Amino acid sequence: MEPQMLTVDERAVLFYFCLNHAVARCLACARSFQLSELTADLLSGRTHLCPQCRRDLTDNVRSHLYGCAVLPAEVRQKAQTLREAARHLVKESRQLRGRADVLAREAEAAVEANRRALWQALKAAGPREPGG
C-alpha cells in the first residue's frame, strides 16, 4: 500500500521544528536526508522521495515527526493525538465504504429481482388485444 501524503499540519510542524536536521533515512542508499534534500515527482504527485533511488520516504518522514526529540513534548503529544484521531477516521471511513458497497450490491440485487418479477407478471398476463 502506498504511503498517505503528509497532512498540512504534519508538514507545518516539519518546517517549523525539523528543517535543519535529518528527517528520513533511505535504507537502500544508507543515507539520511534533511527535508530540503528530499525530492518530488510532479507527474505522480509523490513527495518526500529519496534523491538517489526515488524510493518513497513519506512513512520514514512521518515516523521521524512523531518521535523527533526537537519537538516540545506538548506538540509531540498533540500530534500523536491528532494522528490517532486520523487513523480512527480512516478506519471508520473504510468500514463505511465497505458497508456502502454491501448496500449497493443488495440494492442492485433487489432491482434485478423486481425486474424479473415484472417480466414474469407480464408473461403471465399474456399479450393484450389491440384496442382493448
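Here Arg25 meets each of (1) loosely packed, with under 13 Cβ neighbours inside 10 Å; (2) touching a residue at least 24 places away in the same chain (Cβ under 8 Å); (3) assigned to a strand (DSSP E or B) with one exception, condition (1). Within the stretch 47-63, being buried (at least 18 other Cβ atoms within 10 Å of the Cβ) and either in a helix (DSSP H, G or I) or without any contact (Cβ under 8 Å) to a residue 12 or more places away in the chain (or both) holds for Leu49, Thr58, Asn60, Val61, Arg62. For Val111, work out the one condition from (1) within 20 Å of Ser32 (Cβ to Cβ); (2) surrounded by 10 or more Cβ atoms within 10 Å (Cβ to Cβ) it doesn't fulfil. All conditions pass for Val111, except number (1). Residue check: Val102 meets all listed conditions (1) more than 18 Å from Cys26 (Cβ to Cβ); (2) aliphatic (A, V, I, L, M); (3) surrounded by 12 or more Cβ atoms within 10 Å (Cβ to Cβ) but one, namely (3). Might you let me know whether the stretch 64-77 holds any residue that is surrounded by 10 or more Cβ atoms within 10 Å (Cβ to Cβ), assigned to a helix (DSSP H, G or I) and either basic (Lys, Arg) or in contact with a Ser or Thr (Cβ under 9 Å, 6 or more places away or on another chain) (or both)? So far as the stretch 64-77 goes, yes, one or more of its residues are surrounded by 10 or more Cβ atoms within 10 Å (Cβ to Cβ), assigned to a helix (DSSP H, G or I) and either basic (Lys, Arg) or in contact with a Ser or Thr (Cβ under 9 Å, 6 or more places away or on another chain) (or both).
Evaluate the following for Ser32: is it part of a strand (DSSP E or B) and more than 17 Å from Thr7 (Cα to Cα)? Answer is yes for this residue.
We did not get these values from a lab; they are worked out from the coordinates using the rules stated. For clarity, every value in this text was computed on a predicted model and none was experimentally measured. With ideal geometry, Cβ positions are generated from the backbone for all residues, glycine too; neighbour counts draw on all protein chains shown.
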